[in-house]
Amino acid sequence: NEIVSRRMIRFEYEGPKSLIGHILGGVAGHKYVDIDPLVHMGKIAREDSKSEEQNLKKLLAGRFEVTILPQSAALYYEKKLNLSGRIHYSKKPHTSYSRHILVQPELSEIYEYIKKFVENRDANEPWLKSLKKYGL
């Protein structure tokens, strides 16, 4: 999940405490690990919207200083809303994680197919085309 600010602010996330005294744009119903306790203590102000897209529009309007959204959504909205050069991504993300694929032992053919795909994904033209299409 990316920490995004306006380009003129260039907020750099150094952990939850770096948000103290700032206004965070969140998505209603979303929980932000390690940040919510500081919001409940009143150390970080949080203004919620219905969507990441609304948050980016509010961010650009100066309603708050930073927002959090998945990298794939950030790249999609950057392109859709023509935000290139108007927003800044913190060098340190809010959270990151790895993906794991589990396959039952009796599905060895599927396992081999997935393994081969993952090992050769950097040479897979349709895969690369999809990544490019979504700005990933």
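The table that follows gives values for the structure above.
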{"quantity": "Qualifying residue in region 36-47 (condition: open to solvent by 60 Å² or more (accessible area, probe 1.4 Å) and at pLDDT below 95)", "calculated": "no"}
{"quantity": "One residue from Y111, Y89 being at pLDDT 90 or above, surrounded by 13 or more Cβ atoms within 10 Å (Cβ to Cβ), of a type in the set (F, W, Y) and out of contact with any strand residue (DSSP E or B) (no Cβ under 6 Å at 6 or more places or on another chain)", "calculated": "Y111"}
{"quantity": "Test: residue in region 61-68 that is at pLDDT 95 or above, of a type in the set (S, T, N, Q), closer than 26 Å to G29 by Cα and in contact with a helix residue (DSSP H, G or I) (Cβ under 8 Å, 6 or more places away or on another chain)", "calculated": "yes"}
{"quantity": "Test: residue in region 99-117 that is outside any helix (DSSP H, G or I) and closer than 17 Å to H22 by Cβ", "calculated": "no"}
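The values are calculated or read from the model by the stated rules, or taken from the named source; none is laboratory data. Bear in mind that the values here come from a model prediction, so they are computed numbers and not experimental data. Using ideal geometry, Cβ is built from the backbone for each residue, glycine included, and neighbour counts are taken over all protein chains shown. The accessibility values were calculated without ligands, DNA or RNA, using every heavy atom of the protein model including side chains. Shrake-Rupley method; radii C 1.70, N 1.55, O 1.52, S 1.80 Å.
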